[in-house]
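Please read the structure below before turning to the comments.
No value in this document is a laboratory result; all are computed from the given coordinates. Note that this is a predicted model, so its numbers are computed, not measured. As a convention, Cβ positions derive from the backbone with ideal geometry for all residues, glycine included, and neighbour counts pool all protein chains shown.
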Amino acid sequence: MTFARPRLVPTLLLALVVALLGTACGSDSGSSRPKSSGRQQSTSARKPRAARKPKPPVQQTTKTPPPVSPTTTTAAVAIPAEARTVYQNRCTPCHGPTGQGDGAAAVALDPKPRNYADRAWQAEVTDEELRKVILAGGQAAGLSALMPASPDLESKPEVVDGIIALIRTFDD
């Protein structure tokens, strides 16, 4: 009795990951595919959040972000429902529902997805850098090529701003 060749297993695992990423990160506009069958947290079981306290100013030592326009100021941006939907459909499979890089597909990824709750990372990354990764993908920003681009969102800056605002809420 012989077993599968040792190289076949990693190849099949890689094919599965690619298929999952293709399904999870594909465009959601006009899609009639069913929602992900992955585990999702119930919003009814969450504790209500306390009122958000203003953050103290962050001193930057090595990196000065570009000037922020009124459309990218995350404190004043209401998060549009479409931005939440795009995050849920495209980002949650890898980054997880709370942005901690613990989505269902993260198990098979190397490098692991970014933990958006990391306060040090939040303090150093600019909104423009996030916008570049969202629109052009990880490889365009010198990050993982596994992070897909979303060029369809270039015509929807309010959705991109909402996704950025949502990412900024994960450091609470």
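Tabulated data for the structure shown
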| read-out | value |
| --- | --- |
| Contour minus Cα-Cα distance for residue 82 and residue 155 (0.36 nm per residue) | 25.0 nm |
| Computed log₁₀ I(q)/I(0) - Debye formula, equal Cα scatterers, no solvent, the stretch 131-172, q 0.18, 0.30, 0.31, 0.33 Å⁻¹ | -0.52, -0.97, -0.99, -1.02 |
| Estimated inter-spin distance, residue 145 and residue 108, nm [label 7 Å along Cα→Cβ] | 1.8 |
| Gain on full stretching of the segment that runs from residue 171 to residue 129 - 0.36 nm per residue minus C-alpha separation | 13.4 nm |
| Neighbour net charge for residue 135 - beta-carbon separation under 15 angstrom, K R +1, D E -1 | -3 |
